[in-house]
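Below is one structure, written out as structure tokens; comments come after it.
The values are calculated or read from the model by the stated rules, or taken from the named source; none is laboratory data. Note that this is a predicted model, so its numbers are computed, not measured. All Cβ positions, even for glycine, are placed from backbone atoms using ideal geometry, and neighbour counts span all protein chains on display. These accessible areas exclude ligands, DNA and RNA; they are computed on the full protein's heavy atoms, side chains included. Shrake-Rupley method; radii C 1.70, N 1.55, O 1.52, S 1.80 Å.
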Amino acid sequence: MLKAKTAPSLAAALGRAFEAGSITVSDTGSGMSAKDLADNFLVIGTASRKREVEKALARGETKSPFLGEKGIGRLSAMRLGERLRVETATRGELKLNILEIDWSKFSALDAMLDEIDVSATTGGAKPMASWSGTNIVISALSEDWTKPRLKEMAEYDFARLTDPFLDQKSRPRIVLFWNGDRLSIPWMDRKLIDHAHARVEGSYEINQGVPQLRCTLQAIDLGYDHPKETETAVVQLPDLQAAVIGTSGELQDLALISVGPFKFEAHWFNRRRLGEIEGIGEMKVVRELQEKWSGILLFRDGFRVFPYGEDEDDWLALDRKALRRQGYSLNKTQFIGRVEISRVANPALVDQTNREGLRETQEHQVFLRLMQYVIQEQLFRFMRHMDTQYKGQKVDLGEAKSEIDRLAARANDAVRRLRKFTPLEGQPTVEELQQTLLEFSEFAERARRRIEEVEQESRQMIEMAGVGLMVEVVAHELARASEN
Ligand SMILES: Nc1ncnc2c1ncn2[C@@H]1O[C@H](COP(=O)(O)OP(=O)(O)OP(=O)(O)O)[C@@H](O)[C@H]1O
Ligand SMILES: [Mg+2]
């Protein structure tokens, strides 16, 4: 570019610079033979994966051999850049099969379907005799791929692409490079989950055609004094019909079975009570982590189904419901959770072609309602039940002093931090807040002492009343004795 003296040569240099960027996706999977490329890769909407999955299921296999279904996934590469190069080989082959497509030659997708005239060629030797796999290189990129952008994707999107609840060993391995620098994809520390304040875990099962929902509910720390409590709820067919199917006639009972079994867990965090966790970090770090992993995500065979659990997505209608509630608000950012479905067990829960959610079917509706019922009815009811049992109990005067001190210290700490961020003209208000707080805690302390005195006095009264009663009894007895 620096050497270019004329406008056309600068344009040519710019063109070359533009084409230098590429995205490469590599795998060491089965690879494709030249015939596979022609029969599967070059056929839009190929059902090759679907056929193989169906064959496997017919053989009685319990795990789906492939994720692919529709035969359109690879077309998304088109959105990333104008040129596509595929280098692939199966285990038995000696050389690479190469396919090159320049999308810009096909002005419209419809035109492409019949105009397309690309065929695979044979390339150089494979990297190793026994190698099989596929490299897909996309160039003439349509967007900027900066390191910060990719880093953000690693932190958020890639971290949640595969189930973060699985331990590192059983997660599918994906690595990400930016110009040769490896970007780490974070994994979720289970310790964070262990510090949840409430949770619901369970499964939806279908045994001999009879569905049943099983939830284990746990209240760990709801923000007031209560024992840790665990409850198991088993919801049977009639209740499921009432909760999920309803009477509108929209949904049929059969969908309760055809939806298929699944498992779920949702961990609730009261963010204000989230403090330091040993092995993770101080309060701020812990709160950030909680926020980062928040959302109840959906996974099929360990891979994410979008957009369930995305920041903008509220599939369990938590935020909408939260507005109407008193007491607890079960907001989606307070949860970390997952729901696990599988291709084999839930064949009716299929993706839309645009991958923007599950297809609108009865089973999908039932699935949504079941999960909403788990969180909104089961968990919420359980937490409310804990409230009525334990919340607002008598204050323990023995601990009131330390509680007042603890709260005062917390408030003071917050004011101190507030002062740092407040501009000059706001300082008198912060001062006023500080002063009010001080008076408030002094007042609380005086009130506590007064309550103690009153209690003392009332105890004396009771004692005196007791003495009085005794005197009366004695007097009565004396009178009787003297009468006789
Ligand atoms: N990396 C790969 N390794 C081996 N075969 C591949 C690879 N990518 C694509 N194919 C072949 O090309 C076909 C089309 O791939 P594509 O991702 O478009 O569709 P799919 O995976 O079958 O379904 P979906 O649209 O649900 O992703 C696949 O069915 C498979 O036969
Ligand atoms: Mg695919």
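Assorted remarks:
- Euclidean distance between Cα centres, the range 281-304 to the range 414-484, Å: 45 Å
- Take the Cα of GLU312, step 7 Å toward its Cβ, do the same at ARG384, and the gap between the two points is 3.3 nm.
- Each other residue within a Cβ distance under 11 Å of SER30 adds +1 if Lys or Arg and -1 if Asp or Glu, for a net charge of -2.
- In this structure, the residue pairs whose Cα-Cα separation is over 29 Å, taken from LYS147/LYS420; LYS263/LYS391; LYS169/LYS228; LYS191/LYS332; LYS228/LYS420; LYS228/LYS321, are LYS147/LYS420; LYS263/LYS391; LYS169/LYS228; LYS228/LYS420.
- Share, in percent, of DSSP beta bridges within the range 260-383 that are antiparallel, nearest 5: 60 percent
- SER30 sits with roughly 80 Å² accessible to a 1.4 Å probe, with DNA, RNA and ligands left out of the calculation.
- Segment SER48..SER142, full-extension length gain: 30.9 nm, with 0.36 nm per residue of separation and the alpha-carbon distance subtracted.
- Approximating the spin labels as points 7 Å out from Cα along Cα→Cβ, the LEU166-to-MET461 distance works out to 6.9 nm.
- Look at the alpha carbon pairs under 8 Å that are at least 6 residues apart: their mean separation over the length of the chain gives a relative contact order of 11 percent.
- Note, ³J(HN,Hα) from phi for the range 456-468, Karplus 6.51, -1.76, 1.60, rounded to Hz, x at Gly and Pro: 4, 4, 5, 4, 4, 4, 4, 4, 5, 4, x, 4, x
- Remark: the ALA38-ARG91 segment gains 17.3 nm on full extension, using 0.36 nm per residue and subtracting the alpha carbon distance.
- The C-alpha atoms of the chain define a longest principal axis, and helix 362-372 lies at about 40 degrees to it.
- The chain: calculated mean residue ellipticity at 222 nm from DSSP helix runs of at least 4, using -39500 (n - 2.57): -11500 deg cm²/dmol
- A straight chain from THR230 to ARG214 at 0.36 nm per residue would run longer than the Cα-Cα distance by 4.4 nm.
- A Förster radius of 25 Å combined with the Cβ-Cβ distance from TYR156 to ASP351 puts the calculated FRET efficiency at roughly 0.75.
- Relative contact order %, the range 12-139, counting alpha carbon pairs below 8 Å whose residues are six or more apart: 37 percent
- Summing Lys and Arg as +1 and Asp and Glu as -1 over all other residues whose Cβ lies under 13 Å from the Cβ of ARG182 gives a net charge of +2.
- Ranked order, PHE421, PHE264 - accessible area, probe 1.4 Å, largest first: PHE421, PHE264
- Surrounding net charge for GLU93, when Lys and Arg each add one and Asp and Glu each subtract one, Cβ distance under 15 Å: +2
- Against the main long axis of the alpha-carbon atoms of the chain, helix 380-390 sits at an angle near 20°.
- Protein heavy-atom accessible surface, 1.4 Å probe, per residue over the range 397-473: 82 Å².
- Taking 25 Å as the straight-line reach from the Cα of LYS70, the lysines in range (excluding those fewer than 8 positions away in the same chain) are LYS35, LYS50, LYS55, LYS105.
- Mean sequence separation of contacting Cα pairs (under 8 Å, at least six apart), scaled by the length of the range 190-390, corresponds to a relative contact order of 24 percent.
- Summed over the residues of the range 1-100 and divided among them, the accessible surface reaches 64 Å² per residue at a probe radius of 1.4 Å.
- Here's how it looks for GLY133: its modeled amide H is under 5 Å from those of GLY31, MET32, ALA89, which are all 5 or more places away or on a different chain.
- Peptide ranges 452-464, 236-248 listed from the most packed, as the mean C-beta count within 10 angstrom indicates: 236-248, 452-464
- Degrees, to the nearest 10: 48-58 long Cα axis against longest axis of the chain: 60 degrees
- Inter-site label distance for ILE280 and TRP178 at 7 Å from Cα along Cβ, in nm: 2.6 nm
- Surface composition of the chain: carbon plus sulfur atoms hold 54% of the accessible area, using a 1.4 angstrom probe and ignoring ligands, DNA and RNA.
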